[in-house]
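Here the structure is laid out as structure tokens; the discussion comes afterwards.
The values are calculated or read from the model by the stated rules, or taken from the named source; none is laboratory data. Being a predicted model, the structure only gives us computed values, none of them experimental. Positions of Cβ are generated from backbone atoms using ideal geometry, with glycine treated the same way; all protein chains shown enter the neighbour counts. Note: accessible area is taken over every heavy atom of the protein model, side chains too, but ligands, DNA and RNA are not part of it. Shrake-Rupley method; radii C 1.70, N 1.55, O 1.52, S 1.80 Å.
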Amino acid sequence: MTKNISENRACSADLAVFVARNAEVYDSIARDIWEHPEVSHEEARSSAVYRERLAARGFRVQEFPEMPYSFCAEWGESGPVIAFMGEYDALPGMSQACATERQPVVAGAPGHACGHNLLGMGSLVAAEGLVFLLSQTGMRARVRFYGCPAEESLGRIPLVKAGRFNDVDAAMTWHPADVNTPHRYRTSANLSFVVSFQGKASHAGMAPHAGRSALDAVQLFNLSIEFMREHVPPGTLFHYVISDGGAKPNIVPEHASVHLYVRAPDAQSVHEVMKRVRKAIHGAELMTETKASIEIKAGKCDFIPNTPIQDTILEAMTAIPLPEPTPEEIEFARELQKKVAPADRQATLAPIGAPLSLLKQPLHLEVGDFGEGKRIGGSLDTGDVSYVVPTGQMNAATWPLGVGAHTWQSCAASGSAWAMKAARYAGASLAYAGFLLVSKPERLARAKDEHRSVPTYRSTMDY
Ligand SMILES: [Zn+2]
């Protein structure tokens, strides 16, 4: 039966019923991936779970050669292309039971401390939920699920550079968090690279004059970075570790390396800062008579939120009923929240402008609208997608308030029943946002209009 598109409220209620009916399957996928964490570039199993599921639901699955375990699954023959992006990589060393004490499942093993077991599932719900709504209403669109591996590493940049997103009309995703909000805040652009110096070994006691120390070059280069900090645009950050400091003190180091991140408010600023970093590398070479080489590891553009899409996501988040916690889920959240030092709890809220008074509660049980005009120091590979097509995203409160990503608490929470409910809520919200975009073409037109002002895409890795 074809429904009138003005019956949007009825549609959101039908969607909620559809998602609830399939809740067991969705939750089992998220739990399965949480129980089998795979780090970046090794997500063979997790990727297969999604490919098999989507193929069984009538999606056409295409694996991409640009990145192992990346793929696109598409449903529908015509109409606008609405894309949802799903991630599934875990973090090394973060193994943690679904408990309120630090308790690794396997010491030293990976764990889903960024909640990507939920992220993939929520985006799956979004794709299947939108297909459900289109089938109900007879409206046309092409629905895509992009399988995006290695978010914690290289990310989807090779896919963006290969043009895999170019024909998308609207791209959307979400991230597990401690609040429900459209992701209106920007993220920083970054570049991760290793500078290696080649010197000349000699006996440090017998013939130091014959050696040229690669470690001296690393230290002089690092020193130049320390002085440069003051004279780069606000929002520029440098972080580094010496990844190779030579072999033994009595050998003048023949080789030494430093792994450095440059972060800046936008991709163009990363390119500008790198011109100066290059000069500092050359200066260190000259001072020490060594030779430098640069290996680019990864790099992400800043995320540019598309306002019409973000507004649509907010509307959808408000239309879809929020999950309700059981008394046990509230208790679990309260205990886990206590394990974050009170002073550290603000770190998740302050940067995005969310009120700190929220911290009086264990869980965020309403829809906020935070982050307008803010920028965080972290980076996301969704940023590169936002340069090529109109992109929006949201956060859902899968974790207790004050719990941040990449902690044992977020890993513990990501395996909980509450997190599964919140991930399904995120998926239903994005499905409904996709439906609003398809049913109101003027919104997609406005999204495209706004996107015309986004600078031309140039990966920070092509520096
Ligand atoms: Zn993440």
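When Gly377 is tested against (1) assigned to a loop (DSSP other than H, G, I, E, B); (2) surrounded by 23 or more Cβ atoms within 10 Å (Cβ to Cβ), only condition (2) is not met. Among the helices (runs of 4 or more DSSP H) confined to segment 404-463, the ones with at least 3 residues that are charged (D, E, K, R) and over 18 Å from the mean Cα position of the chain (by Cα) are located at 441-451. Say we look at segment 100-135 and pick out the residues that are under 22 Å from the mean Cα position of the chain (by Cα) and over 18 Å from Thr173 (Cβ atoms); which of these is nearest to the ligand (Cβ to nearest atom)? That would be Ala113.
Report, by residue number, each residue of segment 337-364 that is away from the ligand (no atom under 16 Å from the Cβ), of a type in the set (A, V, I, L, M, F, W, C) and surrounded by 15 or more Cβ atoms within 10 Å (Cβ to Cβ).
Hits for segment 337-364 are Val340, Leu349, Ala354, Leu358, Leu359, Leu363.
Scan segment 152-174 for residues that are within 16 Å of the ligand (Cβ to nearest atom) and open to solvent by 10 Å² or more (accessible area, probe 1.4 Å) and the total you get is 3. Checking Met67, Met85 one by one, the residue that is away from the ligand (no atom under 16 Å from the Cβ) and touching a residue at least 60 places away in the same chain (Cβ under 8 Å) is Met67 and no other.
Of all residues assigned to segment 136-149, none qualifies as being within 15 Å of the ligand (Cβ to nearest atom) and farther than 30 Å from Phe59 by Cβ.
In the set Ser123, Ser135, Ser153, only one residue is over 30 Å from Gln409 (Cα atoms) and not in a strand (DSSP E or B); that residue is Ser135. On inspection, Ala97 passes the criterion of being more than 16 Å from the ligand (Cβ to nearest atom), open to solvent by 10 Å² or more (accessible area, probe 1.4 Å) and under 28 Å from Asn22 (Cβ atoms).
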